[in-house]
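All remarks here apply to the structure that follows.
What follows is calculated from the coordinates using simple rules that are stated; it is not laboratory data. Quantities reported herein were computed from a predicted structural model and do not represent experimental measurements. Positions of Cβ are backbone-derived with ideal geometry, glycine not excepted, and every protein chain shown enters the neighbour counts.
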Amino acid sequence: MSQTDPIAEMLTRIRNAAHARHADLELPHSRLREAVARVLAAEGFLQSVSASGEGHKRKLVIALRYTDDRQPVIRGLQRVSRPGLRRYAGFAAMPKIRAGLGINIVSTPLGVMTDREARRKKVGGEVLLAVW
């Protein structure tokens with residue numbers, strides 16, 4: 001199946017799995033998806049991320065994280081830059097999410113990172129998504 005926006009499809013799968021209280025989910029692997037998932041895991045929104053399989057059958061396995069009362073840690077996911085309307089921001093003009101309580105994930109020349117890290121390294125890029 002051809003996908004025009006694999007990041008939005010990944011976010012929808014995470015949203016649906018968290019709503020259904022699944023422990024983990026599998027999705028087709030790509031380097032960008034893995035980089036985004038690893039940033040989410042490093043920021044504490046996901047439990048773990050691992051890649052399994054080889055070649056074109058490679059899968060990305062994401063373990064979701066919940067609070068003690070089984071509420072998803074991820075309260076919201078929003079795709080910012082999309083194929084029809086790309087959103088770019090310099091490090092000084094990087095938007096804040098929920099007054100600093102959420103994060104933006106940014107694709108920069110130095111790799112995929114959070115907005116805080118991009119500001120610290122003084123590098124801008126494409127704002128992929130917002131998480132809170």
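In a reduced charge model with +1 at each Lys and Arg Cβ and -1 at each Asp and Glu Cβ, the range 1-130 shows a dipole moment near 360 debye about its Cα centre.
Derived scalar couplings between HN and Hα for the range 53-60 equal x, 9, x, 6, 9, 5, 10, 10 Hz in order, rounded to whole Hz, by the Karplus curve 6.51 cos²θ - 1.76 cosθ + 1.60 (θ = phi - 60°), x for Gly and Pro. Take the alpha carbon gyration tensor of the range 77-131, find the square roots of its eigenvalues, order them as a ≥ b ≥ c, and report rounded if a/c is under 1.5; if not, report prolate when a/b exceeds b/c, else oblate. Oblate shape, in that a/c is at least 1.5 and b/c is the bigger or equal ratio.
Each Lys and Arg adds +1 at its Cβ and each Asp and Glu adds -1 at its Cβ; summed about the Cα centre, the range 6-64 shows a dipole of about 100 debye.
An ellipsoid equivalent to the chain, defined through the eigenvalues of its Cα gyration tensor, has semi-axes of 23, 19, 13 Å when rounded to whole angstrom and sorted largest first.
The phi-based Karplus calculation (6.51 cos²θ - 1.76 cosθ + 1.60; θ = phi - 60°) puts the 3J(HN,Hα) values of the range 3-20 at 10, 8, 9, x, 5, 5, 5, 5, 5, 5, 5, 5, 4, 5, 5, 5, 5, 8 Hz, whole numbers, x for Gly and Pro. One Cα centroid belongs to the range 1-24, the other to the range 93-132; the line between them spans 21 Å.
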